[in-house]
Amino acid sequence: MSALEQDLGALPFFAGLEPVYLRLIAECASPACYDPGESIFQQGGQADRFYIVGEGRVALEIFSSDRGILTIQTLASREVVGASWLFPPYIWQYDARALEFTRLLAFNAVCLRAACDQDHDLGYDLMKRFARLMVERLNAARFQLLDVYANPASGR
Amino acid sequence: MKCIARWGDLRRLFALLQSTGHTLYGPKVADSAVVIGEIASPDDLAVGWSDSQNPGSYRLHKDPHGPAFVFHSGADSWKRLLLPPQSTLWEADRTASGFEVLPSGGDSRPTAFIGMHGCDVTAMLRLDHVFGFQDDRHPSPGSPRATSRVTCIDPCYASIRRRSFVVGIQCTGPGGNCFCSSVGAGPHIEAGCDLVLTELPDEPDPFFHIKALTSAGQRALADLSLREAGPEHDEKAKNAVDQCAAAMPRSLDVSGIRELLHRNWDHSRWQATAHRCLTCGNCTMVCPTCFCTNILDETDLAGRRARRLREWDSCFSLEFSYIHGGGNVRSSAKARYRHWMAHKLAAWIDQFGELGCVGCGRCITWCPAGIDITEEAAVIREMDGAAGSSSEEKCHVRS
């Protein structure tokens, strides 16, 4: 098992993944580094990758015509960036920008999608992991909407 | 018709124009810079004043031993007169039954613009195409698109242009930020002026070659009874301007520039330049072709009189790209700088079939960060299609 496969296996996101799949995913990975402020991907672009943050921080942003750029989430080390690669039409829904020098592992989604189509066990496993991630993010977004830190009804 | 003239003849030309009611404007020295202002005689021009220009820097200095006309583009352009910073489009008074539009109080006096360099003459011709003005006194070569597409003529601009007598000066030495020859906008003047002046070099006293390009120019030369120029004067004048063209310190390669900028809309250079750009809008204010304006409606406090104003605007201000209903389509400095430069060098071609840049170098000189449009275009050309170093290469550099 290569060092990269070991590192991937140690990530919570890939915990318990079969070694054969770890090898396959590692083969689709390449390093990617971004300077502070640099765009990683843009809303509307082809979602042909997903990322795991090594060091640094990544802001997921959305452009609102009347409020400018809004940060909807900030992701740090060991967190996954991007799920749009999994579902047609494979288009990014947000912008992603490096907030500081950021080192990522970039996974080639085209290669992974083909592997998932070939081997449905891999596809099902990855789908479960990403579905869980998306539910976590959805819940986080709902809590943000509930404004848990200051209840508007209390007037404070 | 070509003649030669001494300094005294220029004084007579000024007097002739004044006798026919012209108000004279030309480049003169004020506030340590060459600016366009009202003048009464050739002695009011920036005679003997030269300048050192670099990105973000301008210094005026007197050269008593050199030629008379050695000044270059200054802090101001003729746009100040052709498209005033603020003008009233119309005014109306409230009446018992509604309102009454007041008769236009616009100036109707003839003007003479004296001392327009080649780049600025080209800039004026570009503005003619923007504002739909076609000069029936001396048809200038129209832009490929503009001549066939004029659907609307700006009456304020046309009124100023129709009343103007233009005397151009062909440069015989370039300024530090000049690049007009590379964009085909100077220093030679072939159209757009009534008279074209060229100072002949190596003369103990100022000595000029004057060429009439229009019937109005020919009449003026005939009224002054000047000595006709010989072939040796024509050649000397041509050589002096050719030498100036060859000595330009900067150049902008415009081959395929429209396609180059359109396909590099996401080039890494835009972001790098945005880090330097203060979005102050100086470049748009000093640019002789930037024509964007804002419209303001205002009423007096009593509600008796209303007027509609037009004033200079800049695509570098956030308000400029604020869209009705709320929202800004160019919120980043990167988007605004890219919009400005790509309009000058690419979208202007889409609109008018010609470049929006005339190579005067003012945007380079008056940019507080010293951003140089020729350098920006060259870097994008050099790294055509490159988004800078790839994200993978960056990791190798850091590790």
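The values are calculated or read from the model by the stated rules, or taken from the named source; none is laboratory data. In this text the structure is predicted, and so the values were computed from the model without any measurement. All Cβ positions, even for glycine, are placed from backbone atoms using ideal geometry, and neighbour counts span all protein chains on display. When the accessible area is computed, the model is the full protein with side chains, heavy atoms only, and any ligands, DNA or RNA have been set aside. Shrake-Rupley method; radii C 1.70, N 1.55, O 1.52, S 1.80 Å.
Points to keep in mind about this one:
- Under a model in which nothing but the beta-carbon of Lys, Arg (+1) and Asp, Glu (-1) is charged, segment A:86-136 shows a dipole of about 120 debye around its Cα centre.
- Overall shape: oblate for chain B, with the ratio a/c of the largest to smallest alpha carbon gyration tensor axis at 1.5 or above and b/c at least equal to a/b.
- Compactness of segment B:205-281, expressed as Rg and Dmax over alpha-carbon positions, Å: 22.5, 60
- Carbon/sulfur fraction of accessible area - segment B:2-246, other protein chains in place, 1.4 Å, %: 50
- Distribution of pairwise C-alpha distances over segment A:30-154, 10 Å bins, in %: 12, 39, 34, 12, 3, 0
- Filter on B:K28/B:K334; B:K79/B:K238; B:K28/B:K236; B:K334/B:K394; B:K2/B:K28; B:K2/B:K344 - keep pairs with C-alpha separation over 30 Å: B:K28/B:K334; B:K2/B:K344
- Heavy-atom surface of segment B:2-246, accessible at 1.4 Å and reported per residue (Å²): 45
- Where segment B:257-395 is the region considered: accessible area per residue in Å², 1.4 Å probe: 44
- For chain B, calculated [θ]222 nm from helices alone, where every DSSP H run of n ≥ 4 adds -39500 (n - 2.57): -8500 deg cm²/dmol
- Packing order of peptides A:81-93, B:335-347, highest average first: B:335-347, A:81-93 (average count of other Cβ atoms within 10 Å over each peptide's residues).
- Of the residues A:L60, A:I72, A:A141, the one whose Cα sits farthest toward the positive end of the charge dipole of segment A:30-154, with +1 on the Cβ of Lys and Arg and -1 on the Cβ of Asp and Glu, is A:A141.
- With the charge dipole of chain B set up from +1 on Lys and Arg Cβ and -1 on Asp and Glu Cβ about the Cα centre, the Cα lying farthest toward the positive end among the listed residues B:P55, B:S390, B:A306 is that of B:A306.
- Low-density loop cleavage sites - chymotrypsin sites (Phe, Trp or Tyr not before Pro) in segment B:246-297, where at most 11 other Cβ are within 10 Å (DSSP): B:W265
- Selection from B:G132, B:S108, A:G44 lying farthest towards where the dipole of the protein assembly as shown points positive, charges on Cβ: B:S108
- For residues of B:327-335, the mean tally of beta carbons on other chains within 10 Å: 3
- Cα centre as origin, Lys/Arg/Asp/Glu Cβ charges: segment B:169-255 dipole, Debye: 240
- Of all DSSP beta bridges confined to segment B:2-246, the antiparallel ones make up roughly 70%.
- Segment B:256-274 versus segment B:182-221: alpha-carbon centroid distance in Å: 38
- Three-way shape label, segment B:163-320, alpha-carbon gyration tensor, a/c 1.5: oblate
- Cα-derived Rg over Rh, computed across segment B:257-395 with Rh taken as Kirkwood radius: 1.06
- For the protein assembly as shown, diffusion coefficient by Stokes-Einstein and Kirkwood Rh (Cα), 4 °C, 1.567 mPa s, µm²/s: 46
- Under a model in which nothing but the beta-carbon of Lys, Arg (+1) and Asp, Glu (-1) is charged, chain B shows a dipole of about 700 debye around its Cα centre.
- Long-range HN-HN contacts of A:D48 with modeled amide H, under 5 Å: none
- For segment B:300-377 and segment A:1-63, distance of Cα centres in Å: 40
- Spin-label model distance (nm) - A:Q144 vs B:H396, 7 Å beyond Cα toward Cβ: 3.7
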